[in-house]
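The values are calculated or read from the model by the stated rules, or taken from the named source; none is laboratory data. Not measured: the values here are computed from a predicted model. Note that we place each Cβ from the backbone using ideal geometry, even for glycine, and neighbour counts take in every protein chain shown. Side chains included, ligands, DNA and RNA excluded: accessible areas come from the protein's heavy atoms. Shrake-Rupley method; radii C 1.70, N 1.55, O 1.52, S 1.80 Å.
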Amino acid sequence: MSHEGRTAEPSGPTHRPSAGWGIPSFVAGLFLLNIILLGSRWLVAGTVGPPWVAVEALLVVGTLSLLPRRNWALWMAAVTGLLVLPILVLALADATARLSLARPLNLYLDFRLAGAVVNLMTGSLGPGKAVLWGVGLTLGILGATGSLVALFLRLPSGPGLTPLRYAGMAALLVGSLGLVQARVPGVLVPAGVAGASLLPFQAATPLVDLVFEQHRYLMQMLGERERFAGEMEAAPADYAHLPGLLEGLGGRDVVMAFVESYGMSSQDDPRYAPLVRPRLDSLEVRMSRAGLTLATGQLEAPIQGGQSWLGHGSVLTGLWLSNQFRYELYLAGNRENLVDDFHRGGYASVAIMPAITMAWPEGERFGYNRIFPRQDIPYRGPPLNWVTMPDQFTWCFLEHDVRRRDRERPLFMEVALISSHAPWTPILPVLSGCDEVGDGSVFQPWADAGERPEELWLDTERVREHFALAVDYALHAAMVYAETYVDDGLVLIVLGDHQPAPLITGDSASMAVPVHIIAQDPEVVRPFLEWGFSPGAYPDPQLPVLRMDAFRDWFVRAFTPGAE
């Protein structure tokens, strides 16, 4: 049969028209991509919109809708859809950082924290449920990516001005206006005019913002080494030149106890003050009855919501360890810290770290003579979700297994108290004393008590209620220890490591934490009062708040006779 004069018809998927599915795929793709790009912002804000539209969604879907249906265009559509996978992961990571640490994601630093996040999830939910959550999240991300790829493959269309191409041109026009308006203020609308906009809806550029933000962080980190080196040069490295180092302490033991998530919000925020302030009032009364002197100040922590070691490190080193890179730069050097200062003053040092369940080489770098991680603390009770043991047991271990051991030197003891660490369930009672606490097996009835974390954290108000209850427990346990065991041979410093996450504090809370000093001899407390602390359980809100890195230099000079 002759084929002369006949035109060959296109065949194969390359030229197959998509008109039937074009507009539905356009709408569905735009809707899904918009949710993916803006979902993390809505998650952080706790509400859906505004902004309502991601400019990048308009630009991407509009561009794909104008492409001819050719192989290269289909490949471009598929790759564009697959790129959503890393974008979605980054967006979720950014939302997690904002909700838990009160700051945006910093790719340069935060990949180091992936292991800590896994450990927190495993400790809070248990290994099985943590795996299920991880699998569910992975399947959700893969499902969203696969759906977008399928939708994007339908967007490149045949020749001619089809309805799909008109929709694509409209999306490109609106997206371009939104991009210029968002990134170059004052070009299209008058600068400084509230609500001025060419668009009838509030738009944002979440992907562009994320890229610029990460670029800014990268540039900052590239200069961080030099900045931190300059700060170290300006700060005292050691106090070997000071005679009589820390003799003002009179050879008393010193306990520095960090209370997890104990920030000023616990006593200032009207949601928590009704529970926490009565406990602080009781602290004042009971310390007075026990013949002890109590004073309180506040310090600004370098972090919020997590990375407690940066708060601990800032106090001990006298350096502002506001990120993991600075912390690692300190660890890589040989500068001394407050532990070394105590050693020079004739002290032995101990770190009691019930949350440490793996190797902790940082402890050796800080120079402690003895470190007690979880496995070296003889607790026979149940773990309580993330919390390996309740604070009251830790206090009893400190007193009976550490402080009362035969020794030739006074002790400096750093303690990390963890009962007020999220997920804040269950809340335990404070027992009458260490005899009742025993080896911790008395806490067995609370192994499965209280709400499960995955249930509690579905209700924000219940989470906040449990936070206040956990801080109240931590303060109660510290108070019972102080009135029972603080004597003229002990100075007790109880301070927060950082404020809790923004979910608890809100977005505008300070970074300040309370610092309580308790001693039997008023003369030991007097330097704290001269530094700006106030008698009792509350700091003076009118005084400026110094940073945690100011503590080491002040403390050493305050308790070294003749030091300036």
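A few comments on the model shown:
- The accessible-area ordering, largest first, of the residues M76, M511 stands as M76, M511, per a 1.4 angstrom probe.
- Cα gyration tensor shape of the stretch 236-307, rounded if a/c is under 1.5, else prolate or oblate by comparing a/b with b/c: oblate
- Ranked packing of 378-391, 405-418, most packed first, by mean Cβ within 10 Å: 378-391, 405-418
- J(HN,Hα) series, the stretch 382-389, from Karplus relation 6.51 cos²θ - 1.76 cosθ + 1.60, nearest Hz, glycine and proline x: x, x, 10, 6, 5, 6, 6, 7
- Per residue, the solvent-accessible area of the chain (1.4 Å probe, heavy atoms of protein chains only, all protein chains present) comes to 45 Å².
- Screening the chain for whole DSSP H helices of 27 Å or more along their axis (Cα) with average Kyte-Doolittle hydropathy at least 0.0 returns 19-45, 71-101, 127-152, 163-183, 460-485.
- Taken about its Cα centre, the chain carries a charge dipole of roughly 2460 debye when the Cβ of each Lys and Arg holds +1 and the Cβ of each Asp and Glu holds -1.
- For the chain, the residue among N337, G306, F258 whose Cα projects farthest onto the positive side of the dipole built from Cβ charges is G306.
- Amide N of the stretch 276-318 lying under 20 Å from the label point, which is placed 7 angstrom from the Cα of Q542 along Cα→Cβ: 295-299
- Theoretical ellipticity at 222 nm over the chain - DSSP helices of four or more residues, -39500 (n - 2.57) apiece, nearest 500: -15500 deg cm²/dmol
- Prolate/oblate/rounded call for the stretch 278-417, Cα gyration tensor, a/c under 1.5 rounded: rounded
- Highest mean first, the peptides 363-373, 39-49, 254-264 sorted by other C-beta atoms within 10 Å per residue fall in the order 254-264, 363-373, 39-49.
- The simple spin-label model puts a point 7 Å past each Cα toward its Cβ; for W360 and L331 those points are separated by 1.3 nm.
- Using the Cβ-Cβ distance between S508 and R407 with R0 = 35 Å, the FRET efficiency computed as 1/(1 + (r/R0)^6) comes to roughly 0.15.
- Peptides ranked, highest mean first, by Cβ atoms within 10 Å: ranges 268-275, 64-71, 494-501: 494-501, 64-71, 268-275
- The chain: Cα Rg divided by the 2.2 N^0.38 Å rule of thumb: 1.20
- A Förster radius of 22 Å combined with the Cβ-Cβ distance from T460 to L132 puts the calculated FRET efficiency at roughly 0.45.
- Cα-based shape type of the stretch 384-524, given that a ≥ b ≥ c are square roots of the gyration tensor eigenvalues and the cut on a/c is 1.5: oblate
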